[in-house]
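Asker: Quick one: this structure, given as structure tokens, is what I'll be asking you about.
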Amino acid sequence: MRYGSFPKQFLFQRSIMPCQWAHLLVKLHGMTHQTRTNRNIAIIGAGAAGLAAASVLQRTQSVTLFEQHSVVGGLWRTNDNFKHTALYPSLRSNLPAGLMAFLDFPFQRQLIPEHEGDYPGPAAVAAYLQAYADHHQLIPKIQFNAKVTRVSPINDTQWLIELADRPAQIFDAVVVCNGHYTQPNRPLIEGSTESGLSVLHAKDYINPDPFRDQRVLVWGSKASGMDLVREISTTAKQVYWCGHDPGMDALVQDKSNVSIHADPTKLNRDAIELADGERLTGVDQVLLCTGYQYQFPFLDEALITIDDNLVHGLHQHILLAKRPTLAFIGLPYLVIPFPLFLIQSQWLNAVLTGQLQLPDAPQLIALSDAEVAQHLAKPGEPRHFHRLGADQLAYLVHLIESAALAPLPDIFLARLKAVYEIKLAHPQDFRAIELPSQTFRDPPPA
């Protein structure tokens, strides 16, 4: 299977690169590449993105990972009470394990409890990431309980990594993999302070018990919004699901106590005003399923600018154009994350080793600015710049082809297509639908 057999929704809905970049690739093709290996690379974070980066870069560079906790796993690292985390006990991946897995390491079936079926929960994913780290012998390269407090350039070729409780260290390049599910995005709603209403974020959610017999407004129509609306509806008296995405009705048509409404614009003590003029009365609690914000507290604002959740100055969502020895793995969202992290890391490795020659910093900055300008010229909010969604396959193909990487495996493409078709046909209960056994049978161990 190749890319041409995919639904058009998956293929090149927007131009991933400005046309100037294609011309530059042609000009640079055939240049003698200077191999650059064995440089000291700092990787911040030992979650899925950090582990992917380390597994690839360790083949050509000397890598050190800094993880502020005592175990690997990042977002998927679980604790007993699920407090201060984006996870909750009933959470299950919205991707089956066979599609979710890194392309170089199948998801072992025995890690997933039987009741979770094909869609693993937090503990299973955390165990898989631990197995991945063990498989690639990454643990000795990780400094645990190492909180990075500041990353700053020393000169054009070196970086200083400052840590909370140990001496600073110097590196030749830095890869930021600190995730983006830590800082909740809490949109300002007029009157939210004065209304007296309880306004929670999905990060505060643990289970539906606190919503029993209440009227609950849930704002946000993506994956967490759908999952929490359906779960809260099992205990709540009424759930008002607010959002502006088409097709929300189809996701809850089996829930008699869930109704669909426009976005909230103002909270009053006696009523909530919506964008279409409707007023909801008697609401007891508000739950925001409005996503998370990028934050890099260890980076100076002179290095990186975030405007309405758009991280400026990045080439291909990875390289800081003005200082291309600072990279980010894992910024895109609404994607199949683990395979994307791996391919981003392979592309970065091609850049660091000289296999892929990039333009100089001024040209990279111009390309980055053009990518942002192209996005801002279209309808929508700036904050969705890193939301790839249906464009993710085009993005992956571009990274692969520009760096001469191995093509996406046919089995990955077949699984992607199968899951897309299942979700399209069964949006409410896709996790209950049996996956095609031939497509999702794991290959024999190498």
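Asker: Return yes or no: is LEU416 hydrophobic (A, V, I, L, M, F, W, C) and either crowded, with 18+ Cβ neighbours inside 10 Å or modelled with pLDDT of 95 or more (or both)? Can you show your working first?
Answerer: Working: hydrophobic (A, V, I, L, M, F, W, C): yes; either crowded, with 18+ Cβ neighbours inside 10 Å or modelled with pLDDT of 95 or more (or both): yes.
For LEU416, the condition - hydrophobic (A, V, I, L, M, F, W, C) and either crowded, with 18+ Cβ neighbours inside 10 Å or modelled with pLDDT of 95 or more (or both) - is met.
Asker: Name the residue, out of SER221, SER233, SER259, that is more than 18 Å from ARG92 (Cβ to Cβ), buried (at least 16 other Cβ atoms within 10 Å of the Cβ) and among the small types (Gly, Ala, Ser).
Answerer: SER221
Asker: In region 62-98, what residues are closer than 20 Å to TYR181 by Cβ and outside any loop (DSSP other than H, G, I, E, B)?
Answerer: Answer for region 62-98, where residues must be closer than 20 Å to TYR181 by Cβ and outside any loop (DSSP other than H, G, I, E, B): LEU65, PHE66, GLY74, LEU75, TRP76, ALA97.
Asker: Please identify the pairs in which a residue from region 64-81 that is over 15 Å from ALA164 (Cα atoms) has its Cβ atom under 7 Å from the Cβ atom of a residue that is surrounded by 20 or more Cβ atoms within 10 Å (Cβ to Cβ) and basic (Lys, Arg), counting only partners at least 6 apart or on another chain.
Answerer: Once the first residue is over 15 Å from ALA164 (Cα atoms) and sits in region 64-81, its partners that are surrounded by 20 or more Cβ atoms within 10 Å (Cβ to Cβ) and basic (Lys, Arg) give VAL71/ARG77.
Asker: Which residue out of SER256, SER224, SER233 is in contact with a strand residue (DSSP E or B) (Cβ under 6 Å, 6 or more places away or on another chain) and of a type in the set (Ser, Thr, Tyr)?
Answerer: SER233
Asker: If SER152 meets every condition in (1) crowded, with 19+ Cβ neighbours inside 10 Å; (2) modelled with pLDDT of 95 or more; (3) not β-branched (Val, Ile, Thr); (4) not in a helix (DSSP H, G or I) apart from one, which number is that one?
Answerer: With (1) crowded, with 19+ Cβ neighbours inside 10 Å; (2) modelled with pLDDT of 95 or more; (3) not β-branched (Val, Ile, Thr); (4) not in a helix (DSSP H, G or I) applied to SER152, the lone miss is (1).
Asker: On to the next question. Among the residues of region 336-347, is there at least one that is surrounded by fewer than 21 Cβ atoms within 10 Å (Cβ to Cβ), at pLDDT 90 or above, of a type in the set (A, V, I, L, M) and not in a loop (DSSP other than H, G, I, E, B)?
Answerer: no
Let's see how each residue does on (1) modelled with pLDDT under 90; (2) among the basic types (Lys, Arg):
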position: GLY196; (1), (2): yes, no
position: VAL216; (1), (2): no, no
position: GLY220; (1), (2): no, no
position: VAL239; (1), (2): no, no
position: HIS244; (1), (2): yes, no
position: LYS266; (1), (2): no, yes
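Asker: Which one is surrounded by the fewest Cβ atoms within 10 Å (Cβ to Cβ) among residues in region 274-325 that are without any contact (Cβ under 8 Å) to a residue 12 or more places away in the chain and assigned to a strand (DSSP E or B)?
Answerer: So the residue we want is THR281.
Asker: Among the listed residues PRO427, PRO362, PRO379, which satisfies the condition of being free of Cβ contacts under 8 Å to residues at least 60 places away in the same chain and assigned to a loop (DSSP other than H, G, I, E, B)?
Answerer: Answer to the check: PRO379.
The values are calculated or read from the model by the stated rules, or taken from the named source; none is laboratory data. In this text the structure is predicted, and so the values were computed from the model without any measurement. Don't worry about glycine lacking a Cβ; one is built from the backbone with ideal geometry, like all the others, and counts go over all protein chains shown.
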